[in-house]
1. Can you list the residues, at least 5 places off or on another chain, whose amide H is less than 5 Å from the amide H of Met67, using H built in the peptide plane?
2. Taking the alpha-carbon distance from Lys357 and a cut-off under 27 Å, which lysines remain once sequence neighbours fewer than 8 residues away in the same chain are dropped?
3. Once whole DSSP H runs in the chain are found, which of them have Cα atoms spread over 24 Å or more along the helix axis and a mean Kyte-Doolittle score of at least -1.0?
4. Rank these for me by crowding, Asp466, Asp102, going from fewest to most other beta carbons within 10 Å.
5. Sorted by mean Cβ packing within 10 Å, highest first, what order do the peptides 445-451, 301-307 take?
6. For the range 75-143, what's the relative contact order in percent, using C-alpha pairs closer than 8 Å and at least 6 residues apart?
7. Can you return the aspartates and glutamates within cross-link range of Lys34? Criterion is Cα-Cα under 17 Å, with same-chain partners fewer than 8 residues away left out.
8. So who's got an amide H within less than 5 Å of the one on Gly185, skipping anything under 5 residues away but keeping other chains? H placed 1.01 Å off N, in plane.
Amino acid sequence: MYNTLPFLGLMPAHVLVGLAMLFFILAKAIPGLKKLPPMPIFLLVLAGAFFLETQGSGSHEIFFGMMVVDSFSRLYDQIFYIVSAIFALMMSYSDELDRDNDWENFALMSCLLLGMMFMTTAANLLMAVIAIELASLPSYLLVGLNRKHVASKEVSLKYVLFGSFATGVMLYGMSLLFGLTGALGFSEIWNVLGTDAMNQPVFYVAIGMTLAGMIFKVAAVPFHFWCPDAYHAAPTPVTAFLSVAPKVAGIALMIRFFGEILAVQGEALTWMLSVIAMATMTIGNFAALKQTNLKRLLAYSSISHAGFLMIGIVVLNEAGRQAVFFYIPIYLLMNLGAFMALMLLSKDNDYELSSFKGIVHSNPWIVIGLAMCIFSLAGLPPFAGFIGKFYLFKVAIEKGLYLLVAVAGLNSVVGLYYYVTILKTMIIDKEQQPGAVATAKVPMAFVAICAVPLVFFGLYWVPLLDWANRALLFQ
């Protein structure tokens, strides 16, 4: 019998988060435990896991090659810890979640975090399914926890149905891949397929259907329909988290899936991925033009950014992977900063654009911070969003994907229109009634912590570039 327990030593952060998940789940069964504040315990777990990830080195295949722990997974996991800590902070300042259920909320978050960590290390189709489901199931429940939105339960059910359909399509695609190759490991699949597979139509059907579950987590076309309703109805901290972390995990899993394809990639596969990326950014941007609710608008914005992130997937090389990782911290800062600012500016959790008219007069500094995040989302210089898109465009041009770059450039112009509309409403339009002045100093400071680096990294991005160069597969 093969003993897998020694391999647990190679993934201590996974074990720590797994124990935290069990700890929060069993809290009700342990007398007196629920009297303790759960958030400090959760933050302590995140700090410990972050430290353990920084101490790791080298590449290790574990559990019979089903998972790979390397610098790529460690750096992505560190991003998840940071985003999870920000979620905990936002949750403490939001009245949309029932604080009596904090232990259950953190149990769901721990489960979701563990699923995303598995997505970054998965090197096998079975592990990919387990990871996606482990990240999806808590997401369904978190979306339905908004006690301020009457439709949150209905939206949660719709989210479940979309997720189940995507998973079913993905499983059928995986069965086709297994039928073609007799293998489940990513590397074994590509080794068996070889270049001859590029001439078989069933190959593209299998790959396209297998991508369904990953595309669902990224909220890319055609599995994007759940995103606007879920973002609108979910508690704002959950919306902010879902707009970043699961999307990044889905991108990481796609990178891992295509990590062994360099020797057998074909032009048809590149164009298949290009069409998905172009459709995602185009549908996301043009749908956002008609939105009057800011949470829905940012949902479509996140769909369009999924298309931009997929540019790095399309090129199918190391430069593309590094360009994606370079853009991810920037995307994290500008998206989380925008959601935190909107949470502070909203009146009675009303996110209709008309309710933000002239709000700059009552909350000038928060609006300035939001403007910096929005200009970065639009990709304007000298903000970091411009540099992030520049590197994505650069790798696509080097690959000769000129149509993809042209469509992405056009979408950047379209996105600028609705981003500027937000600021025009907040700054130029006349205020209908005096807005409440935000007084919570911690979240106000967090908006600044997100906004200021967007200017710094827009002018000096070498630290981010050095960090991106460390995210290497199997190293």
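Here, each number is a calculation from the coordinates, and none is a lab measurement. A quick note: this is a predicted structure, and the numbers were derived from the prediction, not measured. Glycine gets a Cβ as well: all are built from the backbone with ideal geometry, and neighbour counts include every protein chain shown.
1. Ile62, Ala123
2. In chain and number order, the partners are Lys148, Lys290, Lys295, Lys347, Lys424, Lys430, Lys441.
3. Within the chain the helices that satisfy the rule are 38-55, 71-92, 102-121, 125-143, 152-181, 201-218, 267-288, 294-314, 318-345, 402-427, 441-459.
4. Ranking Asp466, Asp102 by Cβ neighbours within 10 Å, fewest first, gives Asp466, Asp102.
5. The packing order, highest mean first, is 301-307, 445-451.
6. Relative contact order of the range 75-143: 33 percent.
7. Of all the aspartates and glutamates, those that pass the test against Lys34 - Cα under 17 Å, at least 8 places apart if same chain - are Asp98, Asp100, Asp102, Glu104.
8. Close amide H contacts, sequence-distant or interchain: Leu125.
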